[in-house]
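Only the coordinates and a few stated rules stand behind these numbers; no lab work does. Please read these numbers as outputs of a predicted model, since none were measured by experiment. Glycine also receives a Cβ, built like all others from the backbone with ideal geometry; neighbour counts cover every protein chain displayed.
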């Protein structure tokens with residue numbers, strides 16, 4: 001089993017949970033870092049401490065959101081290492097660092113450039129923000145794509161991972177159940193949107209009132225909810241199950 005150490009960034013928030021997980025992966029003679037987190041000298045120092053006496057061979061980044069990417073260049077430059085992320089890394093490409101062989105998996109949905117990283121020998125997945133240790137991943141318009149997100153979940157489910165190291169919260173000990181939970185959550189939300197549309201044509205704000213009645217209008221959570229609805233609406237419109245005319249959405253059923 002490859003050694004994996006977590007270095008938790010001090011960037012806790014409603015969107016990052018307790019903070020972004022930076023993963024230091026590998027044994028002698030060289031290690032790699034997945035998601036170096038924010039550009040913080042304190043966090044960088046903790047990553048270096050986790051590296052110990054081993055060299056840093058590469059910095060892998062799951063996606064370009066600042067809480068995962070921001071610290072990459074400084075960390076890599078200080079150790080003469082490479083930063084590798086999409087599109088430099090393509091789906092199925094293998095990164096070989098020391099004794100490690102890591103497979104990049106293009107897993108869009110949360111973000112168009114999202115990668116997950118697969119250690120096939122250990123059957124371990126580094127999921128970034130595709131799958132979190134708690135709660136649900138944000139899939140918000142215009143960056144998020146629900147159809148792609150569901151396909152990405154199916155892709156990693158087929159791997160049958162033994163363990164998932166997520167971008168936030170704790171490692172996932174029962175990956176199959178967690179992936180199924182995430183898939184069901186998205187499909188349940190889709191059913192809620194269709195049910196709300198069946199009540200009659202409405203604009204985005206009206207739809208949010210029907211689906212997220214508990215959220216205060218104008219709040220940050222309400223804005224995120226409306227962006228989530230837009231991502232679901234895009235999928236339903238593409239599938240011909242909903243349509244939009246003059247800013248009003250209606251069911252096509």
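Here is how the numbers come out for the structure above:
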quantity	calculated
FRET efficiency, residue 136 to residue 27 (Cβ-Cβ, R0 45 Å, nearest 0.05)	0.85
Over the stretch 7-114, equivalent-ellipsoid semi-axes from the Cα gyration tensor in Å	20, 19, 11
Residue 123 versus residue 220: modelled label distance in nm, points set 7 Å from Cα along the beta carbon direction	4.0
For 160, 235, order by how many other beta-carbon atoms lie within 10 Å, fewest first	160, 235
Mean residue ellipticity (222 nm) of the chain, computed from DSSP H runs ≥ 4 via -39,500 (n - 2.57), nearest 500	-11000 deg cm²/dmol
Cβ-Cβ FRET estimate between residue 170 and residue 237, R0 fixed at 41 Å, reported to 0.05	0.65
Potential lengthening between residue 6 and residue 177 on full extension [0.36 nm per residue; Cα-Cα distance subtracted]	59.3 nm
Sorted by Cβ density within 10 Å, fewest first, the residues 195, 41	41, 195
Modelled FRET efficiency - R0 51 Å, residue 248 with residue 53, Cβ distances, 0.05 increments	0.20
P(r) weight above 30 Å for the chain, C-alpha pairs, percent	31
Length gained when the stretch residue 185-residue 94 is fully extended (0.36 nm per residue, less Cα-Cα span)	29.6 nm
Ranking of 35, 113 by count of other Cβ atoms within 10 Å, fewest first	113, 35
Where N is the number of residues in the stretch 186-251, Cα Rg divided by 2.2 N^0.38 Å	1.01
Net length gained if the chain between residue 80 and residue 198 were fully extended (0.36 nm per residue, minus Cα distance)	36.7 nm
Cα-projected label distance for residue 213 with residue 112, points at 7 Å along beta-carbon direction, nm	3.7
Rg/Rh (Cα only; Kirkwood hydrodynamic radius) as it applies to the stretch 24-65	0.97
Distribution of pairwise C-alpha distances over the stretch 76-219, 5 Å bins, in %	2, 9, 16, 19, 17, 13, 9, 7, 4, 3, 1, 0
Rough spin-label spacing in nm, given labels placed 7 Å along Cα→Cβ, for residue 39 and residue 13	1.5
Nearest 10 degrees, 0 to 90: helix 146-159 Cα axis against the chain principal axis	40
